[in-house]
Amino acid sequence: MGRVAAIGERVAVQGFALGGAVVYPADDAAAVRDAWRQLPPDVAVVIVTRAAARALGDDARARRWPLVTEVPE
C-alpha cells in the first residue's frame, strides 16, 4: 500500500499530517518543484494546492503514477 503526500503552502497542507500524509510545505514554485522531485517511490497519491498544481504544470499531469489531486479552494 502506498503513502499519501501533500505539497503546497504550509497553512494549507499541514492538517493532512493528522491523517498520516507526508507533508511537504512549499510556499513558492521552486520549493514545490523540489518537493515533487523528493517524493519517495512509495507515494501513491499526492494532494496539491492550486498554487502547487500551477507550479508543477504538466509535470504532474504527464505521469500516471502517483495519482495527483488538487485541493479545492
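Taken over region 8-31, the residue count meeting the criterion of being out of contact with any Phe, Trp or Tyr (no Cβ under 8 Å at 6 or more places or on another chain), within 11 Å of V48 (Cβ to Cβ) and among the aliphatic types (A, V, I, L, M) is 2. Based on this model, can you work out whether R33 counts as touching a strand residue (DSSP E or B) at 6+ places or on another chain (Cβ under 7 Å), basic (K, R) and at pLDDT 90 or above? No, not satisfied.
Residue count for region 44-70 under the criterion of being at pLDDT below 90, over 17 Å from A29 (Cβ atoms) and within 11 Å of the chain's Cα centre (by Cα): the result is 3.
Contact map, region 15-26: residues that are assigned to a helix (DSSP H, G or I) paired with residues that are hydrophobic (A, V, I, L, M, F, W, C), Cβ distance under 7 Å, separation 6+ or inter-chain. Pairs shown: F16/A6; F16/V23; F16/I47; A17/V23. The residues of region 38-57 that are among the basic types (K, R) and either in a loop (DSSP other than H, G, I, E, B) or surrounded by 14 or more Cβ atoms within 10 Å (Cβ to Cβ) (or both) amount to a single one, R50.
The set of residues from region 17-43 being more than 11 Å from the chain's Cα centre (by Cα) and not aliphatic (A, V, I, L, M) comprises G19, G20, D27, D28, P40, P41, D42.
The values are calculated or read from the model by the stated rules, or taken from the named source; none is laboratory data. Note that the structure is a prediction, hence the values are computed from the model and not measured. All Cβ positions, even for glycine, are placed from backbone atoms using ideal geometry, and neighbour counts span all protein chains on display.
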